[in-house]
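In what follows, a structure is listed as C-alpha cells, so that the remarks can point back to it.
The values are calculated or read from the model by the stated rules, or taken from the named source; none is laboratory data. Everything numeric in this text was worked out from a predicted model, so none of it was measured. We place every Cβ from the backbone using ideal geometry, glycine too, and count neighbours over all the protein chains shown.
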Amino acid sequence: MRPLTPFTDRQYRFLQALSDKIKEIYTDPELEGLDSVSWRKTHTIQFGSIPVPVFSPTSNRHKSDIIKAAGLIDKKQQESLAKIREEFGIIAQKNHEARLFNAEWKNIAFKLKKCATTLAIANNLFTAHEEQETALAEPVKLIQQIILQHSGIPLTQTDTDKDKEIAKNQACDRQPPSYEVEWRQTQ
C-alpha cells in the first residue's frame, strides 16, 4: 500500500518545527506581546497565490530557529560550500536559513493548495447545487473519516474525554488544555 501522507520526512519535520514555534510564541509568557505570527496571502510565480506565515518583529530569527529545529541544515554541505566560497572569493549567502524556510514553505503550500483544489472539485461535483457553498459531499466526509481514523486522530473529542482530561490535569495541579485552536493575527 502506498504511504497515505503526502509529506516527506523532511517536510513533516519542518511542519512539526513550525507548529512548535507557533505554539511557543503564543504560550511562552516571555514572548507574550513581543512576538507574533500572522498569515497573509502572497503571489508566487511558480504556485500562484499561497498563504505565508509572517513572524514579527524578528522574522529571519524565527525562520532560522525553525530550520535548525527541523534539522534541515547539512553541516558537511555548508562546510564544503564555505571552502569553495573562500577559494573563489565568493561572499557568503545572507539569511540562508530564512531562504531555506521560504523554499520549504512554498513546496508545502503548493501541496496543500493541490489537495484543497482536489477536495473542492470533488465536493462541488457531489453536492446538490443549492448546498455547494455550505455542505460537505458524502464522499468527502467519508474520505476525511477514513484518513483521520487511519492516522489515529479523533474527529471530535467527546465531552466525557474532556472531563477525564480536565480531572487528570486538576489532579496534577495544571491548567486544562484548550480545546479550541486560536490563531492570533496582528493587524
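Below is a table of values for the structure above.
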read-out	value
Identity of the residue in segment 128-154, in a loop (DSSP other than H, G, I, E, B) and more than 19 Å from A116 (Cβ to Cβ), that ends up modelled with the highest pLDDT	A128
Within segment 87-127, considering residues that are among the hydrophobic types (A, V, I, L, M, F, W, C) and outside any helix (DSSP H, G or I), the one farthest from H62 (Cα to Cα)	I90
Among (1) within 14 Å of R13 (Cβ to Cβ); (2) β-branched (V, I, T); (3) not in a loop (DSSP other than H, G, I, E, B) - the single one I73 does not satisfy	(3)
Residues of segment 26-35 classified as part of a helix (DSSP H, G or I) and free of Cβ contacts under 8 Å to residues at least 24 places away in the same chain, total	1
Criterion: surrounded by 13 or more Cβ atoms within 10 Å (Cβ to Cβ) and either part of a helix (DSSP H, G or I) or of a type outside the set (A, V, I, L, M, F, W, C) (or both) - qualifying residue of S80, S49, S38, S19	S38
